[in-house]
Amino acid sequence: MVASTSPALSTTPHPRFHTLQLTGGHLILTLAGSVIFLGPVLVPAAMVVADFMASGFPGCTVLSSLSSHICIVNFGSGHRTLDVNDPIKTGSVNNWSLVTSASHWLKGVKVVLAHAAHVTSPLCALKGFFRASAAVLHLIAEPIHYSADATAPAPPMPTVSVGRDRLFAALGKTYTQEEFEALCFEFGIELDDVTTEKAIIRKEKHLEDDEADEEDEEVIYKIEVAANRYDLLCLEGIARALRIFIGSEKNPIYTISDVPPKSILRMHVKPETSLIRPFVVCAILRGIAFDEARYNSFIDLQDKLHQNICRRRTLVAIGTHDLDTIQGPFTYEALPPQEINFVPLKQVKSFRADDLLEYYKSDLKLKKYLHIIENSPVYPVIYDSNRTVLSLPPIINGAHSAISLKTKNVFVECTATDLTKAKIVLNTMVTMFSEYCENKFEIEPIEVVNSDGKSNIYPDLSIMKMEVPLSDIVDPIGISLDATEVVTLLNKMQLQAEKSSLTGGECKIVVSVPPTRSDILHARDVMEDVAIAYGYNNIPKSKPKCMTTGNRQPLNRFSDKIRAEVARAGYMEVLTWILCSHEENFAMLRRKDDGDKAVIISNPRSADFEVVRTSLMSCLLKTLKHNIDHPRPIKIFEVGDVVTLDGNRDVGAANNRRLAALYCNVSSGFEEILGLVERIMKVVRAPHLQISENYIIPSNEPEYFPNRQCSIILNGKQIGNFGIVHPEVLKKFGIPDPCSFLEIDIQALL
Amino acid sequence: MAEDAILGFLQTNNEIADSHQFAASIGVDHTELENVIKRLHGFEIVEAKDFKKDNYLLSEEGKQYALEGSPEVNFFLAVPVEGISLANLKAKLDSKVFSIGSSWAKKNGWIEIAKGSVTRKVENVEDKVKDLLERIEEGKVVDGNDVADLSKRKLIVKQTWRGYTLRKGSKYVSKRKKAATDLTREHLQRGDWKDLEFKEYNLNAQGQPIQIGHLQPLLEAWDRACCVIVVREEIQNIFLQMGFEEMPTNNFVESSFWNFDALFQPQQHPARDSHDTFFLKAPSTTRYLPEDYVERVKCVHESGGYGSKGYGYDWKREEAEKNLLRTHTTAVSTRMLYMLAQQRPFMPKRYYSIDRVFRNEAVDRTHLAEFHQIEGLICDHGLTLGDLIGVLEDFFARLGMSKLRFKPAYNPYTEPSMEIFSYHEGLKKWVEVGNSGMFRPEMLLPMGLPEDVNVIAWGLSLERPTMILYGIDNIRDLFGPKVDFNLIKSNPLCRLGLQ
C-alpha cells in the first residue's frame, strides 16, 4: 500500500530513456531539451502548467488533464547536471521546484524518465515519447480514483481479490455484477474493481492491453472489506458470511478435536523469548484437501493478515508447516543469531541467521521486516524435536517443513508481541480453512507450555456469550422489533442468538459470538449487526427533538468581518497551506530558527511539510510567485492561523489568527499597505477603546527592507508588522517586482 | 492643422502633386502628414494615390564638401601659381584633403606632380562637385551621370520615399466635423456637446476589467448550472439554521490522547502509523492530561468495562502523550464532549466545525496533506440511528442532495457506522459524500456522560463535495499556493438558497 521510502530506483532499460546515477548518495540527473517525467507519484499539475508557460506552450491545460503522471519540462539547450539533493544551486525557480518534486517522485518504486534532447516543443517530445514507449501508455491509462478516505479518518480498507466464478460457486448462486454490487452494499462490503489475473500481471509489467485474449481469463473481483473483519479477508470467509446473510447456510460450529492428553502435541516456550517476541499460539489442520485455488487462498490470507491486524508482522507473524515432515514436541526459543543455522524457504543452502538477514537486505519483499528483530541480541526461532528449524519468525520459514499442494496436515504457529491479536489471527486461519478438513470445522489443538510450567490449549475457540436487553438493541436503532425478529436478523450476521429463557421482566437476547467475530466488543456491536441485517435504508427517519440554538465562535465571526473589509479594499483572498518547508519559514525570509517558536514535524513525507508556519509571508509569496504573470498591481490577502510554541497550553503550542496582505507592483506600494493598516485599525476600534495615534513605530525585522518597515503596537504590545519586503527575500521566492506586506495578529484586535 | 491645410488647399486647387513638397511647404513632418492622409483617405474625403520617388541625401562627407568645397578644388587652390614642393603642400593641407584632393585634381588634369613638386596645369577651376551637392541638398534635379559619380564617391545616398498625390475624394468637405469619443467635463462646461458628433460605439468591445476583491472559492459558495456547489459559508449557514453551535477548532497541535485514545482508537491502529499522521519533534509530547479520565480510558482499552470486553492489550501512556497535528476535528469534538460531561445537569447540544486537518499523505490530484473537515454532532438522551438518518437527510437536502442511501462501514469510534452516498444527477451514479455514525459507548461513558446519552455524528471533507459538484478533478486547484487567480476571479455568484 505504501511504497518503501528507500530509494529503490528502477529505470526502464529502453535506450532513449535517460538514466540516473547515484554518486555518493546524491542523485544526479543529466538533462537537456524537453524532459518527460513519469512517476507513480502524481505530478503537481500547476507545476506542469508553470513550466509550459515558461516554454511558451499554450496547451498545458490539455496536457495536464491528459494524465497527471506526466510532466514535461523544457530545460533549454545544453546539458545541465542537476544534483537532486541540492536543488537550490540549479538555477531558475521553475527548475528548482521541478527537481524538488522529481526527487520526491524518485522515492517511489517506478520512475520513468524519458529524454528528447533534440526537441524543443514539449508536444513533439510527448508524441515521440508515446512512440518510444508502449509501457507508458499503461501508466497513462490508469484511472484516477476519487478516494473516499479524505472524508473521514478511517484507515484505508483492506481489499481482497477473489475469483468471480469460484465465489459464485461457493455462494451456490450466480449474480449479475449489479446484483452482486447491491448485495455487497447491503452487507457493508464493496465491489471495488473487476479485473483479470492477467490484467493485473500486465499492469505490473507495463505491457500493452491488446496482447490479451480476453475470453479465457478468469474474472477477479476486488472486494473491499471492513478493517476489523479479519474473517472476511479470504474467499472462504466472504462466501461463508454472504451465504449466512442470504440464508442459504446456518452458522457453523467450530470444534476442537478430541485428542487424548497423552498424544496432544506440545510447544515448549523458552524464557528468552520474552526478550524479543514472547507469545506463540499453534493449531493443526488435519486432513486438509488443497487444490491450487484453495492453496493460493491459504497463502493470500496469511499475507492479508500480516498486512492488517499483524501490523506488517510486528504484532503477529504466521508460519505454516507440513506436519508430516516435522516431529513434535516443538520448542519456541530465542537464540543468538550465530547459533541458528537452517535452509530457509526458497533456498537450497544453509544460512546462519545473521548472514541470512544480511542476505535479505536486498530482498524487496522481506527487507521491510528485518528491522523487527535485526538489533536484538537474540532471534526467535521454532525447532522440532530433531532440531529442525520450522521458522525464524517473523522473517521466514524453513525450507524443510514447507507446505505444498500435497500437504495433508498443516501445523500453524503464530508468534507475537500481542497475545490477543495472536489468538485472533490463529482463529481466523483455522476457522477459515478447517472448511477443507476431513472433519469439517474441526481443529486439532496444541498445548503451549510456558517456561513457568503453566500451559494453555490453543486454538481458543470459546464462544463469547452476551446477554443483551432487547431494548438496548432496538431502541438506539429507532425501530420496534420483537425478540424473535431480532434473533432471525442476528443469525443472518453469524451471531447465534436466542431469546433468554428468563420469564417476566425485561426481554433479553442471548448472543453467542463465534471465534470468527473478534470485532464484537459490546452490545452496541450486536445492535449494529441487527441494523445492518434490518437494512440501514429501511430504518424509519426521525428528527432529534432537542432544542438548541445556533451560535458561532466570536473569533471566526470577527475573522469573517475582517475578511470582508479587506476584500472590499480590493484585495483577493487566497487560502494556503499551513505546512511549509523549514527553509521557506526561516532562511528564505532571512530569519533564524531559534528553536523557541516553530512547531517542527518529526516525520515529514517531503520537504514541503517540515514545519507549521509561524508567519503567513512565505505562503503569500509562494502564491504570488505562482501567479506572477497576473496583471499588476497584484493585491492578495489571507486570514489564517499560524502556530507557535506556547508553554501555557497542555500540548505546548497554540494557534494564532493572522491577517496578511501583499501588494505587488512596479513600485513598492508601501503607502497602499499603510493605507490598509490605517483602515483596519479604524474599523476594528471599539467605541470605548482609544487606540493611540502613534500605534506605528519603526521596526528592524530581517524580512523587511531597512527604513521601510514598521511595527503595529496595541496596548504596548507588538501585534503586527508591515513594510517593503526585503529584496533578498523576493529573490529567494523568485519575485521580480517590489512588494509590500502586512501581517497582523487579529486575535489581539478582537 | 495638417488636415485643415490639406482640405483648404484642395478647396482651391485641383490636386496636391507631391505630399513631400506639401509637407515641407506647410512645415510639418511627412510622417505626421501621412497619418492624416491615410485617415482622410479611409473616410473617402480625399483620394490618395501613392508613388515612389527616389531621393538623394548627402552623406556626412557630402555635407562637408557642400560646405567647404571639394577636396580637389581646395587642393588646387592651395597650389600657388609658382608651384610648391609636395612636402610643403602636405604640411599646409588637411591629410584627407591632401590625399583625396591630389588624386582627383590629378585625374581632372588640373595639376602636375613631378620630382617632388606640384604645379598648376590650368589657371582656374570650377567646383562642380560642390555645386552639384548644393543642388541636391536643395532638392533640385541633377543629371543622372553626375548622380552616379557622386554615389560612387559615397557623397550622396539614395532614399526611396513614398509620397502621395492627393485629389478631392467622393465625400470631400472643406472642414470635417470631429466625432467625439467620450463625453467630458469640458464638453459640459463649453456646452459644445450639442454640436458634437459622437463616434459610434463598438458594443462588441470588452469592458474595462473592474477592480474587485475576491474571496477564495472554498470560503464562499458557488453554483453552476444544475448542481449546487457547497462551500464553507453556506454549510456554516445550514448548521446555524439547524441550531448547531460552532466548536473552537483553532488548535492544530493535539495530543494522541485527544486525537485517538479518547476516541477508543487502539494504539496499534494503522491511522496512528507515522506514515499516516504527522508527529512532532517540537513540542514532542503533551504536558498534562486529565488524570482520572486517562485512567478510565486506559482501562477501557485494556480490559473494557461499561459492557465492553476492550481490546486486550497493554495501553501505553507514552503513546498517548505523543503530540501530532490533528488528523480530524473529532479531536475537538472529543474535548467538547468531555467538557459537556463535566457539566451538571446534562444539557443536549448540537455542535459543528469546519476546519483544517492534516494527513501525512503523498499529495496528488485527489489527496492533500491538509484539507478541511466538516463535522456535525448531536448529543442527547435516547438519540437513535433513525434520528441520524433524519438529520443527514435534512442537512444534505439543504446542500441540494436529496437522494441519499447508507452503507454499513467500519470506524473505530463509531458503532454503528454508515457511509453516506448521494445520487449525483449529473454523473448518474451514487457518490460517497461522507461518513457518519453513533459514538461508541466505550468513548462516551469514560467521559462521564449519562448512560442513556447517545451522540450521533457525521463528517465529510469540504473539498470532496466541492470537487464532485464543481466538476474539478484536481484538488490542488481548490486551495494552496498553486491556485490560479483567474480561477478565483471567474467564480460565478452563489445562488444557493435563491432558487
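The values are calculated or read from the model by the stated rules, or taken from the named source; none is laboratory data. Just so you know, these numbers come straight off a predicted model, no measurement behind them. Quick reminder, even Gly has a Cβ in these numbers, built from the backbone with ideal geometry, and neighbours come from all protein chains shown. Areas reflect the complete protein model, heavy atoms only, side chains present, ligands, DNA and RNA absent. Shrake-Rupley method; radii C 1.70, N 1.55, O 1.52, S 1.80 Å.
Quick grid of which residues meet (1) closer than 30 Å to B:Lys106 by Cβ; (2) of a type in the set (Asp, Glu); (3) open to solvent by less than 60 Å² (accessible area, probe 1.4 Å):
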residue: B:Met1; (1), (2), (3): no, no, no
residue: B:Glu15; (1), (2), (3): no, yes, no
residue: B:Asp54; (1), (2), (3): no, yes, no
residue: B:Phe76; (1), (2), (3): yes, no, yes
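Taking the criterion of being open to solvent by 60 Å² or more (accessible area, probe 1.4 Å) and either more than 37 Å from the chain's Cα centre (by Cα) or farther than 20 Å from A:Asp519 by Cβ (or both), the residues of segment A:456-499 that qualify are A:Asn456, A:Ile457, A:Glu467, A:Asp475, A:Ser480, A:Asp482, A:Thr484, A:Glu485, A:Thr488, A:Glu498, A:Lys499. Can we say B:Asp273 is modelled with pLDDT under 95 and more than 7 Å from chain A (Cβ to nearest Cβ)? Considered against the rule, which asks whether it is modelled with pLDDT under 95 and more than 7 Å from chain A (Cβ to nearest Cβ), B:Asp273 comes out as yes.
Buried (at least 23 other Cβ atoms within 10 Å of the Cβ), closer than 27 Å to B:Tyr306 by Cα and within 7 Å of chain A (Cβ to nearest Cβ) - does that describe any residue in segment B:233-251? Checked segment B:233-251: no residue is buried (at least 23 other Cβ atoms within 10 Å of the Cβ), closer than 27 Å to B:Tyr306 by Cα and within 7 Å of chain A (Cβ to nearest Cβ). Which of the residues belonging to segment A:507-543 are over 22 Å from B:Gly305 (Cα atoms) and open to solvent by 20 Å² or more (accessible area, probe 1.4 Å)? Matches in segment A:507-543: A:Cys507, A:Tyr534, A:Asn537, A:Asn538, A:Pro540, A:Lys541, A:Ser542, A:Lys543.
Here is a yes/no grid of residues against (1) surrounded by 21 or more Cβ atoms within 10 Å (Cβ to Cβ); (2) touching a helix residue (DSSP H, G or I) at 6+ places or on another chain (Cβ under 7 Å):
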| site | (1), (2) |
| --- | --- |
| A:Ser248 | no, no |
| A:Pro261 | no, no |
| A:Pro271 | no, no |
| A:Val281 | yes, yes |
| A:Ala289 | no, yes |
| A:Thr325 | no, no |
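Only residues that are part of a helix (DSSP H, G or I) and either within 20 Å of A:Cys310 (Cβ to Cβ) or open to solvent by 100 Å² or more (accessible area, probe 1.4 Å) (or both): list them for segment A:351-376, please.
Residues satisfying the conditions are A:Leu357, A:Glu358, A:Tyr359, A:Tyr360, A:Lys367, A:Lys368, A:Tyr369, A:Leu370, A:His371, A:Ile372.
Scanning segment B:271-301 for residues that are in a loop (DSSP other than H, G, I, E, B) and buried (at least 17 other Cβ atoms within 10 Å of the Cβ) yields a count of 6. Being within 30 Å of A:Ala567 (Cα to Cα) and assigned to a strand (DSSP E or B) is the filter here, so list the residues in segment A:601-638 that pass it. Those that are within 30 Å of A:Ala567 (Cα to Cα) and assigned to a strand (DSSP E or B): A:Val611, A:Val612, A:Ile634, A:Lys635, A:Ile636, A:Phe637, A:Glu638. Pairing residues of segment B:153-177 that are assigned by TED's automatic domain parsing to the domain that holds B:Asp143 with residues that are assigned to a strand (DSSP E or B) and aromatic (Phe, Trp, Tyr), at Cβ distances under 8 Å and at least 6 apart in sequence or on separate chains, gives B:Ile156/B:Tyr56; B:Val157/B:Tyr56; B:Lys158/B:Tyr56; B:Gln159/B:Tyr56; B:Arg162/B:Phe51; B:Gly163/B:Phe51; B:Tyr164/B:Phe51; B:Thr165/B:Phe51. Among the candidates B:Leu89, B:Leu10, B:Leu77, B:Leu93, the residue that is in the same structural domain as B:Asp146 (by TED's automatic domain parsing) and either out of contact with any Lys or Arg (no Cβ under 7 Å at 6 or more places or on another chain) or in contact (Cβ under 8 Å) with a residue 12 or more places away in the chain (or both) is uniquely B:Leu10.
Can you confirm whether B:Glu319 is in a helix (DSSP H, G or I), open to solvent by 40 Å² or more (accessible area, probe 1.4 Å) and in contact with a Ser or Thr (Cβ under 7 Å, 6 or more places away or on another chain)? Judged against the criteria, B:Glu319 is a match.
The conditions of being crowded, with 22+ Cβ neighbours inside 10 Å and either facing chain A (nearest Cβ under 10 Å) or of a type in the set (Lys, Arg) (or both) are not met by B:Tyr313.
Applying the condition of being modelled with pLDDT of 90 or more and part of a loop (DSSP other than H, G, I, E, B) to segment A:172-225 and asking which residue is surrounded by the most Cβ atoms within 10 Å (Cβ to Cβ) yields A:Val225. A single entry from B:Thr384, B:Thr327 fulfils the requirement of being of a type in the set (S, T, N, Q), open to solvent by 10 Å² or more (accessible area, probe 1.4 Å) and facing chain A (nearest Cβ under 10 Å): B:Thr384.
No other residue among A:Ser692, A:Ser699, A:Ser740 is at pLDDT below 90, of a type in the set (S, T, N, Q) and in the same structural domain as A:Arg613 (by TED's automatic domain parsing) apart from A:Ser692. Do you know which of the residues in segment B:125-156 that are part of a helix (DSSP H, G or I) and in contact with a strand residue (DSSP E or B) (Cβ under 8 Å, 6 or more places away or on another chain) is most open to solvent (accessible area, probe 1.4 Å)? By that ranking, first place goes to B:Glu137.
Within the span defined as segment B:422-443, every residue fails to be touching a helix residue (DSSP H, G or I) at 6+ places or on another chain (Cβ under 6 Å), within 7 Å of another protein chain (Cβ to nearest Cβ), surrounded by fewer than 22 Cβ atoms within 10 Å (Cβ to Cβ) and over 26 Å from B:Tyr293 (Cβ atoms). Only a single item in (1) open to solvent by less than 40 Å² (accessible area, probe 1.4 Å); (2) of a type in the set (Val, Ile, Thr); (3) in contact with a Gly (Cβ under 7 Å, 6 or more places away or on another chain) is not met by B:Thr119, and it is number (1). Only one entry of B:Lys63, B:Lys106 meets the criterion of being under 60 Å from the mean Cα position of the chain (by Cα), of a type outside the set (Val, Ile, Thr) and open to solvent by 20 Å² or more (accessible area, probe 1.4 Å), and that entry is B:Lys63. Hey, any hits in segment B:402-412 for a residue that's farther than 22 Å from A:Ala182 by Cα and surrounded by 19 or more Cβ atoms within 10 Å (Cβ to Cβ)? So far as segment B:402-412 goes, yes, one or more of its residues are farther than 22 Å from A:Ala182 by Cα and surrounded by 19 or more Cβ atoms within 10 Å (Cβ to Cβ). Checked against the criterion of being more than 8 Å from chain B (Cβ to nearest Cβ), farther than 28 Å from A:Gly652 by Cβ, aliphatic (A, V, I, L, M) and in a helix (DSSP H, G or I), segment A:577-600 contains not a single residue that satisfies it. Considering each residue of segment B:128-137 in turn, none proves to be at pLDDT below 80 and not hydroxyl-bearing (Ser, Thr, Tyr). Across segment A:609-636, the qualifying residues are those that are more than 8 Å from chain B (Cβ to nearest Cβ) and in contact with a Lys or Arg (Cβ under 9 Å, 6 or more places away or on another chain), and the one among them that is nearest to B:Leu325 (Cα to Cα) is A:Thr614. Of the residues making up segment B:387-397, those that are free of Cβ contacts under 8 Å to residues at least 40 places away in the same chain, open to solvent by less than 10 Å² (accessible area, probe 1.4 Å) and at the interface with chain A (Cβ under 9 Å from one of its Cβ atoms) are B:Ile389, B:Gly390. When segment A:712-734 is limited to residues that are touching a strand residue (DSSP E or B) at 6+ places or on another chain (Cβ under 7 Å) and of a type in the set (A, V, I, L, M), the one that is farthest from A:Pro698 (Cα to Cα) turns out to be A:Leu730.
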